[in-house]
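Every number here is computed from the coordinates shown, using simple stated rules; none is lab data. Just so it is clear, the model here is predicted, and its values are computed rather than measured. For neighbour counting, all protein chains shown are included, and Cβ atoms are generated from backbone atoms with ideal geometry for every residue, glycine included.
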Amino acid sequence: MSAREAIFAAIERALGKPADPAAIRAQADALLTEPGRVRPHLPDGDLVGLFEAAVKRLPPGASCERLGSWRELPAACARRLGDLDLEPALKIQPLRDLETLDWAGAGLVRQADVDDRVSLSVAEKGIAETASLVVRSGPAMAILDAFLPLHHLVALRTADIVPHLEDAVAGADLARSRNLVIVTGPSGTTDIEGSLVIGVHGPATLHIFLVEG
């Protein structure tokens, strides 16, 4: 017996007798009918508070703040750019909720291209379990705006925060868009030695505005 054959024989012994496919399917179906058995129990608290707590567990570069209304968003974006020592300019997702806001009054210049600058997007859903954001592509959302800029600002309606991932994608109608992206914190990668590097494959910072109403 060759070394290769010996290795595969050891694997087969360790795996034991193959499971009955019907039994595997039955187990999978049982998990789908009882999702509470396979997803973590969230601590007590409202969904907005749980989302904020989850943001604090994300890698460096992730942050959030609450806003009382959409009208507060331009000034909040201006403050955020000032905190980052950046010029008061950003690309804004072309949505009616954003288009009608007073960006010039906040001293902000709207950019046509994002490149390595700053973009502002509106998330479709937020997930309290992991502080993840659901961003959907479409005529009013170039999905690269979530990946090209060095700094990504995201507005999320507090009413759109759900407990778990399954809740965010249930009934999502995936056929109506080319991309449905789940973003969890700033871009991060870890090399073979375990060193975490932020901002290599996407934004180095992710700031989330939790907007009431």
Using a Gaussian network model on the chain with a 10 Å cutoff between Cα atoms, which of A159, A22, A89 fluctuates the most? A22
List the extent of the Cα atoms of the stretch 42-211 along each of their three principal axes, largest first, rounded to whole Å. 41, 40, 33
Straight-line reach from K91: which aspartates and glutamates have Cα under 13 Å away, leaving out those fewer than 8 places along the same chain? E99, D113, D115, D116, D145
Is there a quick way to get the dipole size of the stretch 42-211? I mean about its Cα centre, with the Cβ of Lys and Arg at +1 and of Asp and Glu at -1; what is the value in debye to the nearest 20? 320 debye
Cα lying deepest toward the dipole's positive end in the chain, options A19, A142, T205, charges on Cβ: A19
Residue by residue through the stretch 143-159, which ³J(HN,Hα) values in whole Hz follow from phi under the Karplus form 6.51 cos²θ - 1.76 cosθ + 1.60 (θ = phi - 60°), with glycine and proline marked x? 4, 5, 5, 8, 10, 6, x, 6, 10, 10, 9, 10, 9, 9, 5, 4, 5
In a Gaussian network model over the chain where Cα atoms closer than 10 Å are linked, find which of A62, A23, A175 has the largest mean-square fluctuation. A23
Work out how far the C-alpha atoms of the stretch 22-120 reach from end to end along every principal axis, then list the three figures in whole Å, largest first. 62, 29, 27
Consider all pairwise Cα distances in the stretch 116-182 and report the whole-number % of them above 17 Å. 41 percent
At most 11 other Cβ within 10 Å, DSSP loop - trypsin sites (Lys or Arg not before Pro), the stretch 153-196: R178
Calculated FRET efficiency, I24 and L174, Cβ-Cβ r, R0 22 Å, to nearest 0.05? 0.30
Of S119, S195, S177, which is the most mobile in a GNM of the chain whose springs link Cα atoms less than 10 angstrom apart? S195
